[in-house]
Amino acid sequence: MGDENNGVGAAAQTQFRLQLRKQFNVRITDHRERPSWWSSLLSWSENRWPATLADAVAVVLSAAVAWCLLYVNVAPALMAVPGGSVASIFMLYAAGLAAGCAVDMVGGLPPLLGMMVAGIALQNCGLYTVTANWCVHLVAIMREAALSVILIKGGLEMDAVQLRRLSGAVTRLALLPCVAEAAAAAVAAHYVLPNFSWEWGLMLGFVLSAVSPAVLVPNLLRLKHMGYGEEKGVNTLVIAASSLDDIVSISAFGVLSGIVFSTGDLTSKIVQGPEDVCIGIALGLVWGFLLIFVPPPSWANVSYKTRKGKLDDDDGKNDKKQDRSVTAMRAFLLGAGGILAVTGSQWYGYPGAGPLACIISSFVAGTGWKWREEKQNCHSPTTVSIHNDEDNGAHNEASPVEAVFECIWFGLQPILFASIGTEIKFELLRGGDIIIAGLLVLVAGLLVRLIVTSCAVWGAGFNVKEVIFINIAWLPKATVQAALAPVALDMARMMGTEEDIESASRLLTISVISILVTAPIGAFGIQWFGPRLLSNSGR
């Protein structure tokens, strides 16, 4: 009897200690219980410095294992250091990722700056040599995939309600500053750079006129989640206009590249621009509308899901599994369709249609998914959805499809930004003439852009502080420059003359200068001036 009471008392004490630890994070230790060496080791490893060291060791081990896998399974010539194409791509990716993380953690700068610097360093140290044709093609495909992903992210992050309210301001902000900066940069480049034609000047202008969603979107979403700029939809306006601004730049670049490298008549080349726009809009609307219904949402009455007892016995676990399955299928169809649109439009001869279809399809599909979910929550108020948020402006934070593309973008951006750094060679910059000329072209375009931007948003109901913030947010350049500048150089090498190759090399160098100058200024400007110039809807 006494043993029974002791057993019950010990069990009650154990239960009491567990309850206190769970509720108040307080641990009561029985001195009669001595922790084993294994328990002590586990507890010690969870402290700050051992855990930090373990995290670093995990990264190093991952890189080492990946290198060993390639070294064992790839031809030795491709893994030679230096000179191996596969080894060069691996080192470019690893160095870009490490440099991006270091720049972000130490200086708070955009990671793309560290990635570009890593690419420049590898190229000029002789460690980046990609000569195999399939490796060159692989890098090009990864660049196009990265461009598709950032366009899809921009479309998913648009707010349809705010976009409808600000449609006029979005159109003006997307078109007027972009075209004005391109024209100003073209004029400056034609007169500042020797033997730089008007066609190449306009190509350079439209490459420079695109703003960077890679810098804008994360910083604006951070302000949005904090409540800054939501009252008048400043964040939605800039995100939506930046996506359309990029489409205008990419489409104009495609038309101008056709004019420079094509031998057809000028009329057919000019008509191709409106054709690209019409095809891109139609394709994006059809694909996005289809994805609203395919695949069906997790709560749909699919025949094989409604078998008696299949859902009830799992206590909701099957619903979560089905929801993850729907998210994966939506992300795959949206991403694969976007990449197919970008690459397929180039293959078919309409390079400006693909990016436009990519952004429109993601916007239409994302808006339709949100509307269907809101309708389901209204019809089933007792149903708890993992996508539901407390406020109407938090859909972007909880969208699982956006989270998928955020992970994909994290994996692709090192190769995108580091690869453009590999095109910069120090011997081409001797004397500093191209740097000074590039800065003059950049400043001329930005000055005109600031003036036109202020005029474009002046009648949209924004006060002076908000107009100043929009101008600051409209400065950074990175993504489109990194995607288009190497394309121009590749096309010049394949189809152009020696003069075209020289012009394309200048275009790429000035694009890199624009990224190195404007990306940190824009990122710091958004982070620092945002809370000081924008009103907070939560106050």
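Select from segment 453-469 the residues that are touching a residue at least 40 places away in the same chain (Cβ under 8 Å) and part of a helix (DSSP H, G or I) and list them in ascending order.
If the condition is that a residue be touching a residue at least 40 places away in the same chain (Cβ under 8 Å) and part of a helix (DSSP H, G or I), then THR453, CYS455, ALA456, VAL457, LYS465, GLU466, ILE468, PHE469 are the ones that fit.
Please indicate, with yes or no, whether at least one residue in segment 137-153 is in contact (Cβ under 8 Å) with a residue 60 or more places away in the chain, among the charged types (D, E, K, R), part of a helix (DSSP H, G or I) and over 21 Å from TRP474 (Cα atoms).
Step one: filter segment 137-153 for residues in contact (Cβ under 8 Å) with a residue 60 or more places away in the chain, giving 139-153.
Those still in the list that are among the charged types (D, E, K, R) too: 143-144, 153.
Those left that are additionally part of a helix (DSSP H, G or I): 143-144, 153.
Subset that is over 21 Å from TRP474 (Cα atoms): 143-144.
Checked segment 137-153: at least one residue is in contact (Cβ under 8 Å) with a residue 60 or more places away in the chain, among the charged types (D, E, K, R), part of a helix (DSSP H, G or I) and over 21 Å from TRP474 (Cα atoms).
VAL487 versus (1) over 25 Å from the mean Cα position of the chain (by Cα); (2) over 23 Å from ASP433 (Cα atoms): which is the lone unmet condition?
Failing condition for VAL487: (1).
Quickly run through segment 495-539 and pick out the residues that are closer than 17 Å to GLU230 by Cα, charged (D, E, K, R) and assigned to a helix (DSSP H, G or I).
The answer is ARG532, and nothing else.
Return the residue satisfying two criteria in turn: it lies in segment 137-157 and is surrounded by 24 or more Cβ atoms within 10 Å (Cβ to Cβ) and of a type in the set (Gly, Ala, Ser), and of such residues it is farthest from GLY421 (Cα to Cα).
By that ranking, first place goes to GLY155.
Could you list all residues from segment 72-87 that are modelled with pLDDT under 90, open to solvent by 50 Å² or more (accessible area, probe 1.4 Å) and in a helix (DSSP H, G or I)?
PRO76, ALA77
Per-residue answers, yes or no, for (1) among the polar types (S, T, N, Q); (2) outside any loop (DSSP other than H, G, I, E, B); (3) more than 28 Å from ALA146 (Cα to Cα):
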{"position": "VAL179", "(1), (2), (3)": "no, yes, no"}
{"position": "ALA183", "(1), (2), (3)": "no, yes, no"}
{"position": "ALA188", "(1), (2), (3)": "no, yes, yes"}
{"position": "TYR191", "(1), (2), (3)": "no, yes, yes"}
{"position": "LEU220", "(1), (2), (3)": "no, yes, no"}
{"position": "THR236", "(1), (2), (3)": "yes, yes, no"}
{"position": "ILE239", "(1), (2), (3)": "no, yes, no"}
{"position": "ILE247", "(1), (2), (3)": "no, yes, no"}
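With the checklist (1) modelled with pLDDT of 85 or more; (2) part of a helix (DSSP H, G or I); (3) open to solvent by 50 Å² or more (accessible area, probe 1.4 Å) in hand, flag the one item LEU127 doesn't pass.
(2)
Matching residues to (1) crowded, with 19+ Cβ neighbours inside 10 Å; (2) within 23 Å of the chain's Cα centre (by Cα); (3) more than 30 Å from TRP369 (Cβ to Cβ):
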| site | (1), (2), (3) |
| --- | --- |
| GLU402 | yes, yes, no |
| ILE415 | yes, yes, no |
| SER419 | yes, yes, yes |
| LEU429 | no, no, yes |
| ILE436 | no, no, yes |
| LEU439 | no, no, yes |
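Taking ILE472, is it hydrophobic (A, V, I, L, M, F, W, C), assigned to a helix (DSSP H, G or I) and surrounded by fewer than 18 Cβ atoms within 10 Å (Cβ to Cβ)?
Working: hydrophobic (A, V, I, L, M, F, W, C): yes; assigned to a helix (DSSP H, G or I): yes; surrounded by fewer than 18 Cβ atoms within 10 Å (Cβ to Cβ): no.
So ILE472 does not fit the description; no.
All but one of (1) open to solvent by 40 Å² or more (accessible area, probe 1.4 Å); (2) modelled with pLDDT under 85 hold for ASN463, so report the exception by its number.
(2)
Just to be sure I understand the filter: pairs with C-beta atoms under 9 Å, separated by 6 or more residues or on different chains, first member in segment 394-411 and of a type in the set (S, T, N, Q), second member at pLDDT 85 or above and in a helix (DSSP H, G or I). Which pairs pass?
ASN396/GLU402; SER399/GLY366; SER399/TRP369; SER399/LYS370
Residue check, VAL103 against (1) modelled with pLDDT under 90; (2) part of a helix (DSSP H, G or I); (3) open to solvent by 40 Å² or more (accessible area, probe 1.4 Å), all met but one. Which one?
(3)
Quick one: in segment 503-533, of everything that is small (Gly, Ala, Ser) and at pLDDT 85 or above, which residue is most open to solvent (accessible area, probe 1.4 Å)?
Taking segment 503-533 and keeping what is small (Gly, Ala, Ser), we get 503-505, 511, 514, 519, 522-523, 525, 530.
Of the ones still in play, those that are also at pLDDT 85 or above are 503-505, 511, 514, 522, 525, 530.
On the way: SER503: 3, ALA504: 0, SER505: 35, SER511: 0, SER514: 0, GLY522: 0, GLY525: 6, GLY530: 0 Å².
The extreme case among them is SER505.
Determine whether segment 495-502 contains at least one residue that is crowded, with 22+ Cβ neighbours inside 10 Å and either without any contact (Cβ under 8 Å) to a residue 40 or more places away in the chain or at negative phi (or both). Let's see the steps before the verdict.
To start, the set of residues in segment 495-502 that are crowded, with 22+ Cβ neighbours inside 10 Å comprises none.
No; the residues of segment 495-502 include none that is crowded, with 22+ Cβ neighbours inside 10 Å and either without any contact (Cβ under 8 Å) to a residue 40 or more places away in the chain or at negative phi (or both).
What number goes with the only condition from (1) open to solvent by 40 Å² or more (accessible area, probe 1.4 Å); (2) modelled with pLDDT of 80 or more; (3) among the basic types (Lys, Arg) that ARG449 does not pass?
Just one mismatch for ARG449, condition (1).
Could you grab me the full set of residues in segment 487-499 that are of a type outside the set (A, V, I, L, M) and modelled with pLDDT under 85?
Of segment 487-499, the ones of a type outside the set (A, V, I, L, M) are 490, 493, 496-499.
Within segment 487-499, ASP490, ARG493, GLY496, THR497, GLU498 meet the criteria.
Per-residue answers, yes or no, for (1) out of contact with any Ser or Thr (no Cβ under 6 Å at 6 or more places or on another chain); (2) open to solvent by 40 Å² or more (accessible area, probe 1.4 Å); (3) modelled with pLDDT of 85 or more:
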{"residue": "LEU163", "(1), (2), (3)": "yes, no, no"}
{"residue": "CYS178", "(1), (2), (3)": "no, no, yes"}
{"residue": "PRO194", "(1), (2), (3)": "yes, yes, yes"}
{"residue": "TRP200", "(1), (2), (3)": "no, no, yes"}
{"residue": "PHE206", "(1), (2), (3)": "no, no, yes"}
{"residue": "ALA210", "(1), (2), (3)": "no, no, yes"}
{"residue": "GLY229", "(1), (2), (3)": "yes, no, no"}
{"residue": "ALA241", "(1), (2), (3)": "yes, no, no"}
{"residue": "VAL248", "(1), (2), (3)": "yes, no, no"}
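Report yes if SER251 is in contact with an Asp or Glu (Cβ under 6 Å, 6 or more places away or on another chain) and farther than 20 Å from GLN527 by Cα, otherwise no. Please lay out each step first, then the result.
Numbers: in contact with an Asp or Glu (Cβ under 6 Å, 6 or more places away or on another chain): yes; farther than 20 Å from GLN527 by Cα: yes.
Considered against the rule, which asks whether it is in contact with an Asp or Glu (Cβ under 6 Å, 6 or more places away or on another chain) and farther than 20 Å from GLN527 by Cα, SER251 comes out as yes.
The values are calculated or read from the model by the stated rules, or taken from the named source; none is laboratory data. Given the structure is predicted, the values throughout are model-derived calculations rather than measurements. Virtual Cβ from ideal backbone geometry, glycine too; neighbours counted across all protein chains shown. For accessibility, only protein heavy atoms count, side chains too; no ligands or nucleic acids. Shrake-Rupley method; radii C 1.70, N 1.55, O 1.52, S 1.80 Å.
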